[in-house]
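We did not get these values from a lab; they are worked out from the coordinates using the rules stated. Being a predicted model, the structure only gives us computed values, none of them experimental. Heads up, the Cβs are rebuilt from the backbone with ideal geometry, glycines too, and the neighbour counts pull from every protein chain shown.
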Amino acid sequence: MKNKNLVQETIEQLKQYILTEKLAVGAKLPIEKQLAEKFGVGRSTLREAVKILEYSNLLEVRQGAGTFIKAVKENSDLAKELTEAREMIETTAGKLACQNRTEEDLVSLNQTLFKRNRLLEQGKFREYIQADLEFHLLIVKSSKNNFLIHWYQEIFEELKIMLSGLVIESKEYLDNTKQHQKMFQGILDKDPSLVIEAILENNRSK
């Protein structure tokens, strides 16, 4: 949990630095070594914080050029529509997954869930975000419905941005591991009502 808190603190320091210095869109941040020394953290912690801010569209890392402030357009309607689309796909896919999942699906889901939980506990948010969404994608794939899989893959990158935003906007990111455990248990037990309940709890607890 110590690593988790340190990354969160570094994210807050970076955001405050951008505001204090009044950095405009397109402005370049100081080099990694300078920022790490300024915030009193290791380079690996700084990289983790920068990656989260990059995922959330606040920063842009250009290979060989540096890290720059990126324009972000707040769109509450878009976020609402994305959440609605996610909920519709996940609940339908979750119900079908209870009918169509294979033993191989269960193994993949269990392994990815374990990985997700471990990364969250370690505060490795960049990898955690990817693992969390991979778990949800595996549920959709377990439905064996190619249309649902295609639609979910279409919004995957937008979901990554949204989840990153949730991480950086809260000083203590809400641990919804119980809901994810419940999703897996419902698919394991072929209990669609349990899966849908967990999905709705997860999506509406943000």
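Comparing Ile139, Gly40, Ala93 along the charge dipole axis of the range 1-143, the residue lying farthest to the positive side is Gly40, per the Cβ-charge model.
Each label was represented as a point 7 Å from its Cα along the Cα-to-Cβ direction; for Gln122 and Thr177 these points are 1.4 nm apart. Computed on the chain, with alpha-carbon pairs under 8 angstrom and 6+ residues apart, the relative contact order is 26 percent. For Ala24 and Glu87, a Förster radius of 30 Å and the Cβ-Cβ distance give a FRET efficiency of 0.25, rounded to the nearest 0.05.
For the chain, adding -39500 (n - 2.57) for each run of n ≥ 4 DSSP H residues and dividing by the number of residues yields -24500 deg cm²/dmol at 222 nm. Taking 0.36 nm per residue of separation and subtracting the current Cα-Cα distance, fully stretching the chain between Ser193 and Asn146 would add 14.7 nm.
How would you classify the range 88-175 from its alpha-carbon gyration tensor, with a ≥ b ≥ c the square roots of the eigenvalues: rounded for a/c under 1.5, else prolate if a/b is greater than b/c, otherwise oblate? Taking the square roots of the gyration eigenvalues as a ≥ b ≥ c, the range 88-175 is oblate.
What is the magnitude of the charge dipole of the chain about its Cα centre, with +1 placed on the Cβ of each Lys and Arg, -1 on the Cβ of each Asp and Glu, and no other charges, expressed in debye to the nearest 20?
Dipole magnitude for the chain comes out near 600 debye.
Take the chain, mark every one of the GluC sites (Glu not before Pro) that falls in a DSSP loop and has at most 16 other Cβ within 10 Å, then report the longest stretch left between them, sites excluded. Answer from the scan: 75-171.
With respect to the cross-link table entries Lys15/Lys80; Lys80/Lys160; Lys15/Lys70; Lys115/Lys144; Lys22/Lys160, which display a Cα-Cα separation exceeding 20 Å? Violating the 20 Å limit, Cα to Cα: Lys15/Lys80; Lys115/Lys144; Lys22/Lys160.
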